[in-house]
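Heads up, the thing below is written out as structure tokens.
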Amino acid sequence: MPQQTNAFKGAAPVARPRVASKMSVAKLWSRYGIFFILAVFVVGLSIASPTFLTPLNLANLGGQISVLGLISLGVLLTVVTGNVDLTVGAMLSLLGAVIAMAGLASGAFAAILAGLVTAAAVGLFNGYLSTRGRNLSVIVTLAMMTAIQGITLLMTDGSPVYGFPDSLNWLGAADVLGGVPVSFVALVVVALVVGWFLSSTVWGRELFAVGGNPEAARLAGIPVARRVKLAFLLSSLLAFLAGLILIGRVASAQPTAGLGMELNAVGAVLIGGASLNGGSGRVANTMAGVAILGLITNGINLLNINGFFAFVVTGAVILIAILLNQWEGGRR
């Protein structure tokens, strides 16, 4: 018997490193695989198109992804809590219209104030309704998305709004450092701030706790409903910033400008590896997801492929991300 015991003792370590190795590879891929995929996109487009790496194209790409990047960060904040904000696309249209119309009537300062108040009100309302029961956020924000789009069309009579103060165009149209869009700089700064907030502040860590296990978070003394409301509030404020950039890029407020962008934002978050069940998500990965979606559209334009293919490819990439997300959730 002692010999058998020693034999088992000797055999055990042989299997353990292999299991650990497999687990570490899977963990590394789930954490950093998105950056490998992004690198493949960049290298592939660099080879396929000689104009891809030109400063002009890179500047255009940076400006194009800034709006999607900001609303994706907002969606990430809600997804971390186990919820989702589907109003961000409609909010782009509404806030653009509010800012433009207030700017026409009362100037730039009043326009910024009106946009902030509107964003805060909608965000808190979304958060309040989403905390009235379990798993309500999809239904609540889907209904609000439709209502907000209707309100925007009624406000504008379905027509673009022009002629607001030029100062409101600055964030979306200006360049710094010899051609770098201010909007892209704003995205980088906001991404760094949101990353710091989630990883280094008590409130940020509490958002993860709420998404990971709401009941345990409540028993630990975390005000679950308040944290969910905070996530929705921040999402709407980021949509305000994105709306301000969007009207500056096109020098007008289009009443359907954000139509469908909420799906791309959710897709970017899921491509980045966040779970719809809550409790996980990283800013860097979400930004990589945003970049991949931006590269799809940019690459199709550079290669003179029918632009409608962008919808097909984007939809396929988002679907694959959702399926992988569910598969990973099932494995856990």
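Points worth noting:
- Test: Val250 is closer than 20 Å to Ala186 by Cβ and of a type outside the set (Ser, Thr, Tyr): yes
- Selection status of Gly179, touching a residue at least 40 places away in the same chain (Cβ under 8 Å) and surrounded by fewer than 20 Cβ atoms within 10 Å (Cβ to Cβ): yes
- Candidates in segment 200-215 are the residues that are without any contact (Cβ under 8 Å) to a residue 12 or more places away in the chain and under 12 Å from Val80 (Cα atoms); of these, the one that is farthest from the chain's Cα centre (by Cα) is Arg205.
- Of the residues screened, Leu241 is not one that is at pLDDT 90 or above, surrounded by 19 or more Cβ atoms within 10 Å (Cβ to Cβ), part of a helix (DSSP H, G or I) and in contact with a Ser or Thr (Cβ under 7 Å, 6 or more places away or on another chain).
- Of the criteria (1) more than 14 Å from the chain's Cα centre (by Cα); (2) buried (at least 23 other Cβ atoms within 10 Å of the Cβ); (3) aliphatic (A, V, I, L, M), which one Ile300 fails: (2)
- In segment 35-52, the residues that are without any contact (Cβ under 8 Å) to a residue 24 or more places away in the chain reach residues that are outside any helix (DSSP H, G or I) and surrounded by 13 or more Cβ atoms within 10 Å (Cβ to Cβ) with C-beta atoms within less than 7 angstrom, at least six apart or across chains, in these pairs: Ser46/Phe52.
- Neighbours by Cβ (under 6 Å, 6+ apart or cross-chain): first from segment 76-98, under 19 Å from Ala191 (Cα atoms); second hydroxyl-bearing (Ser, Thr, Tyr): Leu76/Thr286; Leu77/Ser235; Thr78/Ser235; Val84/Thr78; Val84/Ser137; Asp85/Thr78; Asp85/Thr141; Asp85/Ser235
- Filtered by the rule that a residue be buried (at least 17 other Cβ atoms within 10 Å of the Cβ) and under 13 Å from Leu238 (Cβ atoms), segment 184-196 gives Ala186, Leu187, Val190, Ala191, Val194.
The values are calculated or read from the model by the stated rules, or taken from the named source; none is laboratory data. If you're wondering where the values come from, they're calculated on a predicted model, not measured in any experiment. Neighbour counts are summed over all protein chains in view; Cβ atoms, including those assigned to glycine, are modelled from backbone coordinates with ideal geometry.
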